[in-house]
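K.L.:
There's a structure below that I have some questions on.
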Amino acid sequence: MKPVFADTFYWYALANPRDQWHLSAMKARAALGQRQIITTEEVLTEFLAAMSGHPFLRTSAKKLLESIFLASSVSVIEQSHTSFADGLELYNNRPDKAYSLVDCISMITCRRAGVTEVLTLDHHFTQEGFVILIVQ
């Protein structure tokens with residue numbers, strides 16, 4: 001089975017039981033079975049930033065991050081100057097889109113890894129031909 005990519009949206013919804021998408025993220029996680037999950041340090045940085053505003057969220061983020069780094073089913077791709085530059089190139093090549101730089105880095109990572117499915121609800125990924133796995 002091909003791996004799937006986990007976007008910031010997924011990690012946030014998974015870690016925050018008060019988030020409106022928490023149940024959807026849990027269902028998507030359960031549906032994965034043994035599939036490998038790929039994410040990036042850039043995504044995890046964005047996730048931690050989103051979770052930093054409240055002590056409960058920070059604690060939940062810390063626990064999830066620890067489990068991510070311990071899980072054999074999750075691969076975290078290191079950030080690099082190359083990932084930044086390649087993401088920036090896609091960002092600059094899509095002036096008509098509202099993609100964030102992290103989205104662009106994620107899309108490039110997916111293409112390089114042969115990933116076509118993304119754990120997110122972010123429609124930007126569908127605009128680039130990816131299938132999103134979290135449903136409303």
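K.L.:
Working only within region 91-100, note down all residues that are surrounded by 15 or more Cβ atoms within 10 Å (Cβ to Cβ) and either among the hydrophobic types (A, V, I, L, M, F, W, C) or closer than 13 Å to Pro3 by Cβ (or both). First the steps, then the outcome.
P.N.:
Filtering region 91-100 for residues surrounded by 15 or more Cβ atoms within 10 Å (Cβ to Cβ) gives 91, 94, 99-100.
Scanning region 91-100 gives no hits.
K.L.:
Can you report the number of residues in region 56-70 which are farther than 12 Å from Tyr12 by Cβ and either among the hydroxyl-bearing types (Ser, Thr, Tyr) or at pLDDT below 95 (or both)?
P.N.:
Selection size over region 56-70: 3.
K.L.:
Out of Ile105, Ile77, which single residue is of a type in the set (Val, Ile, Thr), in contact with a Gly (Cβ under 8 Å, 6 or more places away or on another chain) and either modelled with pLDDT of 95 or more or within 22 Å of Asp19 (Cβ to Cβ) (or both)?
P.N.:
Values: Ile77 fails: in contact with a Gly (Cβ under 8 Å, 6 or more places away or on another chain).
So the residue among Ile105, Ile77 that is of a type in the set (Val, Ile, Thr), in contact with a Gly (Cβ under 8 Å, 6 or more places away or on another chain) and either modelled with pLDDT of 95 or more or within 22 Å of Asp19 (Cβ to Cβ) (or both) is Ile105.
K.L.:
Restricting attention to helices (runs of 4 or more DSSP H) lying wholly within region 3-84, give those where 1 or more residues are loosely packed, with under 12 Cβ neighbours inside 10 Å, under 15 Å from the mean Cα position of the chain (by Cα) and aromatic (Phe, Trp, Tyr).
P.N.:
Numbers: elements: 8-15, 22-32, 41-50, 55-70.
In region 3-84, 55-70 are the helices (runs of 4 or more DSSP H) which contain 1 or more residues that are loosely packed, with under 12 Cβ neighbours inside 10 Å, under 15 Å from the mean Cα position of the chain (by Cα) and aromatic (Phe, Trp, Tyr).
K.L.:
Just to be sure before I move on: is Gly87 of a type in the set (Gly, Ala, Ser) and in a loop (DSSP other than H, G, I, E, B) in the structure I sent?
P.N.:
Working: of a type in the set (Gly, Ala, Ser): yes; in a loop (DSSP other than H, G, I, E, B): no.
Considered against the rule, which asks whether it is of a type in the set (Gly, Ala, Ser) and in a loop (DSSP other than H, G, I, E, B), Gly87 comes out as no.
K.L.:
What is the residue count in region 63-88 for residues that are over 19 Å from Cys110 (Cα atoms) and in contact with a helix residue (DSSP H, G or I) (Cβ under 7 Å, 6 or more places away or on another chain)?
P.N.:
Matching residues across region 63-88 total 2.
The values are calculated or read from the model by the stated rules, or taken from the named source; none is laboratory data. Bear in mind that the values here come from a model prediction, so they are computed numbers and not experimental data. Quick reminder, even Gly has a Cβ in these numbers, built from the backbone with ideal geometry, and neighbours come from all protein chains shown.
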